[in-house]
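Peer 1: Before I ask anything, here is the structure I am working with.
The values are calculated or read from the model by the stated rules, or taken from the named source; none is laboratory data. Since the model is a prediction, treat every value here as computed from it, not as a measurement. A quick note on method: Cβ atoms are made from the backbone with ideal geometry, for glycine too, and the neighbour counts reach across all protein chains shown. Protein only, heavy atoms only, side chains kept; ligands, DNA and RNA dropped before computing areas. Shrake-Rupley method; radii C 1.70, N 1.55, O 1.52, S 1.80 Å.
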Amino acid sequence: MRYLKIILLLLLLSSLYVYGQDRMLVFGMVRNPVDDNKPITDTELRIIGYNTVAEAQDVKAKFEAWQKAGAEGFFQDFGLIIETTPDLGYYEIQVYPNGALLLVYPSAEVQCKLVPVNGKNEINISFDLSRTLDESIVSAEIDARPVIEDIDVGGNYLRLSGTYPFPEKRLAKKNSRFVMQYFVVDGEKRTDTLEFRVPIVLDGDEYHATQLRRMAYKGERDPMFGYADSTRERLKALGKKYILDESFSSVTWRDSIYLDDPDKFVLIPKKLWLEDYNRVYFSDTLYEDTKRKINRMRFLEYSLEANNLDASLPEYRRRATRTKVDDVRDLSLNFLPSSAKLDPSDTLGAKQLAGLRNDINNLIRNESEGYTLKTLFVSGVASPEGSLDKNNVLARQRMSFLSDQLLSIIPRARQERMVKNFSSRVAGWEEVADLLWADSLKAEAGKIRDIVARHPGRPDAQGAAVRALPFYKTLIAERLPKLRTVKVEYTYEVYRELTPEEIYYRYKNDPSYTAPGTVLPLYEYYALFQVVKDTEEFEALCRSAINAAEKSGDRWPLPANLLASSLISRGEADTTILAPFVEEKKMVNQPWTDFKTGRKYTVNPDAVVANQVIMMLGAKKFKRARQLVYMKGLPTKYEYLKTITDCLAGKKPDQHTYEVLSNTSPRNKVVMAMAMGYMPRARKSLDELDESDPITHYLKAQYFSLDAKMRGMNKYVNMDMFSPERSKMMHELVKAFQLDPSLKNVAAGDAWILEDFYEESLKVLEDPSLLELEYCY
Amino acid sequence: MKHFRTLPALSVVIVSLWLFLGSGVASAQQIAVKTNLLSWAAMTPDIGLELVTGENTSVGFSVFGHKNPYGLKSKLVVVQPEFRYWFNGRPLIREYIGIAAFAASYDMTISSHVYSGNAIGLGFSGGYVFSLGPRLGLELSAGTGIAVFRQKQYWVDDNYDAYFFGKTSTVNSKGYKLFPVKAAVTLIYIIR
């Protein structure tokens with residue numbers, strides 16, 4: 001018994017060992033408890049599988065340390081891992097039974113969650129996505145009236161902030177709940193709500209306690225509880241007061257709203273209310289719109305050049321492959337009656353035969369150039385008048401004549417290596433009936449069919465009866481030649497790489513090359529890329545090559561990158577072209593092997609990634625551009641691209657960025673100084689700008705306006721009438737509008753330009769005499 | 001003590017009334033256990049239950065009693081149901097008013113007098129609950145009403161039963177009085 005127990009124990013341990021050695025499929029749903037437990041469909045969420053819990057814990061600790069250190073950009077050190085993203089909330093991943101899953105957004109904003117697998121196949125996960133609450137703060141600051149700060153544009157994000165003071169003291173109570181819900185509405189249509197933001201919810205202590213009681217101590221039964229708890233935790237972590245009571249007198253909010261198009265005009269209404277156990281006893285609504293925004297990088301000068309792949313590399317070069325060509329000829333040959341000789345008067349037939357012999361001869365002569373004749377099928381048909389036996393003999397004789405004509409020019413060695421067949425037959429009288437029927441001579445056709453039916457299998461008897469028909473000479477005899485046909489089918493193969501010039505010659509002279517829908521061999525596209533110079537033609541060629549590669553299942557980034565480079569040079573953007581060739585989950589320039597074909601290639605070539613980043617910037621998809629530019633493995637030669645992307649995507653520039661970009665142009669010196677708040681440097685740098693440039697004058701006006709704002713001036717009219725700054729800023733703005741009227745629209749939406757200053761400038765623009773009378777400069 | 005036999009019957013009636021009042025509750029509501037600290041100070045153990053019956057209402061039921069506390073000759077058992085209305089919108093917190101009743105059976109000697117009998121009472125109560133946390137509360141309550149009693153009342157040295165010459169002794173004192181139906185400092189624990 002004792003030994004049996006030992007054996008059983010060993011078996012159990014070994015099964016655990018085996019169990020632990022194989023990956024298993026783990027699946028489940030990922031839901032957001034704060035959003036009514038809805039499945040998380042956001043594809044930015046990554047679910048990463050680790051072999052052991054310890055490994056996952058290490059990565060989690062690194063990630064959290066990176067966040068605490070005030071991380072920027074995207075965390076990249078998740079290690080070599082297996083990962084997936086949820087599809088409509090559902091995920092599947094292969095992981096070891098004693099491993100762990102890490103749920104994470106790879107940006108600095110969000111928490112991550114570790115879930116040990118513990119041998120389970122199905123793991124449903126709750127993941128709190130209330131990341132925007134990080135930026136929402138409720139405080140006890142006292143202020144007189146709502147203050148809504150200017151909206152700051154950072155890439156695709158609009159950064160909002162403001163303070164709302166309660167109109168009465170002691171409005172908040174410990175048995176009350178405060179809720180602020182704001183949402184984003186389309187500014188043009190006004191009825192389209194684009195997004196509901198996560199609400200700010202803060203409970204008084206007593207409210208919180210009694211609310212828990214009402215929900216039988218399951219807070220998740222209250223839809224707002226998750227938001228209230230999150231707000232508490234966030235405020236606690238920030239060291240702020242986190243419980244609503246009578247001392248609360250105002251609310252401060254901060255949020256970042258993502259917009260695909262940051263220039264889109266949206267409204268942001270905010271509804272807020274205070275409720276106790278019985279009723280909403282206070283409510284209010286605030287409105288904010290995005291007409292006027294701060295855009296620090298609006299006038300940033302930069303030049304991003306397209307990046308090219310090395311087309312000479314084998315993985316981008318395409319070579320000719322063996323091509324098979326079919327050719328079919330229908331010949332109309334007239335022979336002398338009862339003879340196998342051609343009628344000398346049949347010039348057309350002679351010409352056709354000569355042409356056919358010439359073509360076959362060319363194939364034979366060009367064997368050295370890659371042409372190979374592979375098959376030759378000739379079939380002939382004779383008309384049915386006369387004796388069947390004689391007709392058969394005659395048909396064979398005529399076919400023999402033809403075979404001699406064709407085979408005499410084909411060397412024996414080639415004949416032995418090709419398939420050939422010569423056949424002949426005599427047409428039946430029912431085929432004559434078909435000809436008559438086709439010409440709508442249905443009665444006559446019917447009579448011939450009757451004759452055939454009366455004499456089945458006896459063509460001679462049929463012929464005699466047909467010849468006795470009254471319309472034989474008039475209708476039948478003239479149609480018999482149509483049945484006398486010869487069909488020649490031959491195939492040949494071509495295996496020769498044409499030179500780029502030959503290809504280009506064909507491209508220029510053969511209409512079939514450029515006909516819509518024409519698909520050329522890929523190596524011909526490759527050659528044409530080197531010789532086609534016209535931009536429009538070149539881009540059309542690239543698009544055609546992309547389609548051809550796709551149809552042939554060939555993963556070929558070269559034409560896509562060439563097209564992208566051409567568009568970038570023209571200042572256009574199309575992010576769909578390079579999208580199939582950028583895989584974010586892999587590194588830049590990662591070597592890869594196609595397991596089906598064995599072909600080796602490079603995933604995410606750096607030139608392709610860089611071009612896609614530039615396209616994304618051009619399409620104002622700044623967030624996506626930033627994700628790509630931080631892909632692991634991007635060479636350091638793209639640091640400038642990274643810097644520009646960071647700035648345009650709204651990352652606050654650091655000192656290094658300031659120094660790099662301010663040295664790139666005099667205008668950038670001003671732009672970067674103002675973005676950093678270095679007003680004296682900006683003032684000094686303004687004098688170095690070109691006076692003939694309207695943007696110079698605009699920047700000067702902007703500087704004075706911003707300077708006034710920074711010194712507490714919210715209104716232009718409040719500035720000292722006799723101050724030189726006031727005169728200068730008006731003069732500069734009007735000058736800018738005079739030189740470039742489109743700057744009026746820019747100023748209308750520029751929050752750095754005082755609003756009444758802008759309105760005054762329009763008046764002065766209409767009546768310049770106002771400038772001279774009132775504004776001494 | 002024969003009069004104690006009537007107590008079970010009274011309790012059945014009172015509990016039934018309590019259950020009836022609470023029967024409007026269709027789904028699980030809050031249930032709290034409570035104990036009157038003042039009773040304990042009087043060496044009279046007290047235990048009660050309160051069931052939330054609606055957004056503003058609750059019913060409670062308490063039982064307390066003692067035997068010879070602090071050396072006094074006294075026996076007491078009281079059952080006390082109560083119906084409460086909470087003003088602020090959530091039961092078991094802040095102010096309420098209520099209708100309280102009690103049924104008591106007692107046998108006590110006070111200043112050479114023996115009082116032995118039963119009493120029932122009905123009156124108004126009111127109080128305030130301070131929240132000490134999600135599950136704890138402290139209640140201050142008081143109430144007054146009318147108590148109707150039937151008792152034997154006699155001097156300590158009297159041999160009261162001897163006056164009935166072998167027959168069952170009967171009460172000699174009935175009446176009603178204005179009486180406090182409630183006075184409590186109660187600790188509440190919400191169990192669910």
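Peer 1: Where q = 0.10, 0.20, 0.23 Å⁻¹, what log10 of I(q)/I(0) comes from the Debye formula for region B:45-155, counting one point per Cα?
Peer 2: One equal scatterer on each Cα of region B:45-155 leads to -0.37, -1.04, -1.22.
Peer 1: For an R0 of 35 angstrom, estimate the FRET efficiency from the Cβ-Cβ distance between B:Leu122 and B:Val33 and round to the nearest 0.05.
Peer 2: E(calc), rounded to 0.05, equals 0.90.
Peer 1: Tell me which of A:Pro167, A:Val184, A:Ser665 sits at the most positive position along the dipole axis of chain A, charges placed on C-beta atoms (Lys, Arg +1; Asp, Glu -1).
Peer 2: A:Val184
Peer 1: Across 10 Å bins from the origin, how do the percents of Cα pairs in region A:194-310 run, short distances first?
Peer 2: All Cα pairs considered, the percentages come to 9, 31, 27, 16, 9, 5, 2, 0.
Peer 1: Rounded to the nearest 0.05, what FRET efficiency is calculated for A:Glu759 and A:Gln655 with R0 set to 25 Å and r the Cβ-Cβ distance?
Peer 2: Given R0 = 25 Å and the Cβ-Cβ separation, E is 0.10.
Peer 1: Obtain the radius of gyration and the Kirkwood radius of region A:415-505 from its C-alpha atoms and give Rg over Rh.
Peer 2: 1.32
Peer 1: Once the Cβ-Cβ distance between A:Lys271 and A:Ala748 is put in as r, and R0 is 35 Å, what FRET efficiency do you end up with, to the nearest 0.05?
Peer 2: 0.80
Peer 1: Still on this model: Could you quote the convex hull projected area for chain B, Cα atoms only and averaged over all directions, in nm²?
Peer 2: Computing the convex hull of the Cα atoms and averaging its projections yields 11.4 nm².
Peer 1: For region A:690-774, take N as its residue count and report Rg(C-alpha) divided by 2.2 N^0.38 Å.
Peer 2: Normalised by 2.2 N^0.38 Å, the Cα Rg of region A:690-774 equals 0.98.
Peer 1: Work from the charge dipole of chain A (Cβ charges, +1 for Lys and Arg, -1 for Asp and Glu, about the Cα centre) and give the residue of A:Ala619, A:Pro741, A:Met631 farthest towards its positive end.
Peer 2: A:Met631
Peer 1: What ranking do A:446-453, A:729-736, B:158-165, B:101-108 get when scored by the average of other Cβ atoms within 10 Å per residue, highest first?
Peer 2: A:729-736, B:101-108, A:446-453, B:158-165
Peer 1: Next up: Once label points are set 7 Å from the Cα along Cα→Cβ at both B:Ser111 and A:Asp289, what is their separation, rounded to one decimal in nm?
Peer 2: 8.5 nm
Peer 1: With the calculation restricted to Cα positions, what are the radius of gyration and Dmax of chain A in angstrom?
Peer 2: Rg then Dmax for chain A, in Å: 41.4, 124.
Peer 1: Could you state the angle between the C-alpha long axis of helix A:225-237 and the longest principal axis of the C-alpha atoms of chain A, as a value from 0 to 90 degrees rounded to the nearest 10?
Peer 2: 60 degrees
Peer 1: Now for a different question. What average count of beta carbons from other chains do you get within 10 Å of the Cβ of residues in A:275-281?
Peer 2: 3
Peer 1: If I ignore ligands, DNA and RNA and count only protein heavy atoms, how much of A:Leu483 is accessible to a 1.4 Å probe, in Å² to the nearest 10?
Peer 2: It works out to around 20 Å².
Peer 1: How big is the Kirkwood radius of region A:440-479, worked out from every pair of different alpha carbons and given in Å to one decimal?
Peer 2: Result for region A:440-479, one decimal place: 10.3 Å.
Peer 1: A further question on this structure: With 10 Å bins from zero, work out the P(r) of region A:500-648 over every alpha carbon pair and list the percent per bin.
Peer 2: P(r) for region A:500-648, in whole percents per bin: 11, 36, 31, 18, 4, 0.
Peer 1: So what's Rg/Rh here for region A:629-777, counting alpha carbon atoms and using the Kirkwood radius for Rh?
Peer 2: Result: Rg/Rh = 1.05.
Peer 1: What Kirkwood Rh does region A:323-494 have if only Cα atoms enter the pairwise 1/r average? Answer in Å.
Peer 2: Hydrodynamic radius (Kirkwood, Cα pairs) of region A:323-494 is 17.7 Å.
Peer 1: Moving on to the next point. Rounded to the nearest angstrom and ordered from largest down, what semi-axes does the equivalent ellipsoid of region A:277-373 get from its C-alpha gyration tensor (root of 5λ)?
Peer 2: Over the Cα atoms of region A:277-373, the ellipsoid semi-axes are 81, 28, 16 Å.
Peer 1: Sticking with this structure for a sec: With unit charges on the beta carbon (Lys/Arg positive, Asp/Glu negative), name the residue among A:Gln211, A:Val251, A:Val201 whose Cα is farthest towards the positive pole of the charge dipole of region A:197-271.
Peer 2: A:Gln211
Peer 1: Another question, if that's okay. Buried accessible area between A and B (1.4 Å probe, both chains summed, ligands and nucleic acids excluded), in Å² to the nearest 100?
Peer 2: Buried surface at the A/B interface: approximately 1300 Å².
Peer 1: For the protein assembly as shown, what does the helix formula give at 222 nm: sum of -39500 (n - 2.57) over DSSP H segments with n ≥ 4, over the residue count, nearest 500 deg cm²/dmol?
Peer 2: Helix-only estimate at 222 nm: -10500 deg cm²/dmol.
Peer 1: Taking a spot 7 Å from the Cα of A:Lys482 along the direction of its beta carbon, which residues of region A:373-397 have an amide N less than 15 Å from it?
Peer 2: Answer for this model: A:383-384.
Peer 1: Here is a follow-up. Can you sort B:Lys182, A:Lys218, A:Lys482, A:Lys374 by solvent-accessible area, 1.4 Å probe, largest first?
Peer 2: A:Lys482, A:Lys218, A:Lys374, B:Lys182
Peer 1: Report the charge-dipole magnitude of chain A in Debye, nearest 20, computed about the Cα centre from +1 at each Lys and Arg Cβ and -1 at each Asp and Glu Cβ.
Peer 2: 3000 debye
Peer 1: Using a 1.4 angstrom probe, figure out how much accessible area chain A has per residue, in square angstrom, rounded to the nearest whole.
Peer 2: 51 Å²
Peer 1: May I pose another question? So what J values fall out for region A:504-510 if you push phi through Karplus, 6.51 cos²θ - 1.76 cosθ + 1.60 with θ = phi - 60°, rounded to Hz, Gly and Pro as x?
Peer 2: So the Karplus estimates, Gly and Pro as x, are 4, 4, 4, 4, 7, 10, 9 Hz.
Peer 1: Can you give me the relative contact order of chain A as a percent, contacts being Cα pairs under 8 Å and 6 or more apart?
Peer 2: 10 percent
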